[in-house]
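Undergrad: This is the structure I want to talk about, given as structure tokens.
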Amino acid sequence: MYDLNKIEKKNICIMGLMGSGKSIIGKDLSKYLNFQFYDTDKEIELQTKKSIKNIFEENGESYFRNIEEKICLELLNYSNCVISLGGGSIINKKIRKAIKENSYSIYLQVKINNLVDRLKSSKKRPLLNNNKNKIEIIKNLYEDRRKFFEKADFIINNDNDKNQVLEKIKTELNSYAK
């Protein structure tokens, strides 16, 4: 098992905008490291027994963000795991503090046009649903969150081949293990 004590962190968190590949990269990375994998959005759905889309529709974004904060703070306190954070969780100051204290953070950077392509048929994204101008929404989300994403310990482009991205992340992590 990979030893995070060498970098004085408890866990690894993956962050980025919706559609950036956090869950896919996170799952594969957790297998490589022999760590438990958590997806904060999946955990929210398990605990509330509702889809993210339904939570937004029935209870609103503010309610969702409160649940997200509670679950993220709990998960970010775990050890030896990879956590895929919901795209908007980074706007929460308490979550950012927990990331900084406990996590080696990886930001998956993806070009806006690629995000739009990846998300064009998704029905599970409440911030994009019922909106014709997806590119404008994604650009605005990126502008609002970029300053937080760019404070990650490691920033990597995830526009192309996920295997190349995983290899670069592994190389980066292994450089700390020596």
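Undergrad: Place +1 on the Cβ of every Lys and Arg and -1 on the Cβ of every Asp and Glu in the chain, take the dipole about the Cα centre, and give the residue among PHE64, ILE112, SER175 whose Cα lies farthest towards its positive end.
TA: It is ILE112, whose Cα lies furthest towards the positive end.
Undergrad: Measuring from the lowest to the highest alpha carbon on each principal axis, how far does segment 49-122 reach, largest first, in angstroms?
TA: 36, 31, 21
Undergrad: Further question: So how do 16-28, 161-173 stack up, highest first, on mean other-Cβ count within 10 Å?
TA: 16-28, 161-173
Undergrad: Tell me the per residue accessible area of the chain using a 1.4 Å probe; a whole number in Å² is fine. Could the numbers behind the result be given before it?
TA: Numbers: 9650 Å² over 178 residues.
Heavy-atom accessible area per residue stands at 54 Å².
Undergrad: Shape verdict for segment 11-51, please, from the Cα gyration tensor: rounded (a/c under 1.5), prolate (a/b greater than b/c) or oblate.
TA: Numbers: a/c = 2.52, a/b = 1.44, b/c = 1.75.
Oblate, because a/c is 1.5 or more while a/b does not exceed b/c.
Undergrad: Return a whole-number percent for the relative contact order of the chain, with Cα pairs under 8 Å and 6 or more residues apart as the contact set.
TA: 32 percent
Undergrad: If you don't mind, another one. Can you tell me which of 89-96, 104-111, 136-143 comes out highest on packing, and rank the rest after it, using the mean Cβ neighbours within 10 Å?
TA: Final packing ranking: 104-111, 89-96, 136-143.
Undergrad: May I pose another question? What does the charge add up to near GLN47, with Lys and Arg as +1, Asp and Glu as -1, over the other residues with Cβ less than 12 Å from its Cβ?
TA: Taking every other residue near GLN47 into account, the sum is -1.
Undergrad: Separate question: In µm²/s, what is D for the chain at 37 °C and 0.692 mPa s, where D = kT/(6 pi eta Rh) by Stokes-Einstein and Rh is the Kirkwood radius from Cα pairs?
TA: For the chosen part, D equals 199 µm²/s.
The values are calculated or read from the model by the stated rules, or taken from the named source; none is laboratory data. Note that the structure is a prediction, hence the values are computed from the model and not measured. Positions of Cβ are generated from backbone atoms using ideal geometry, with glycine treated the same way; all protein chains shown enter the neighbour counts. Areas reflect the complete protein model, heavy atoms only, side chains present, ligands, DNA and RNA absent. Shrake-Rupley method; radii C 1.70, N 1.55, O 1.52, S 1.80 Å.
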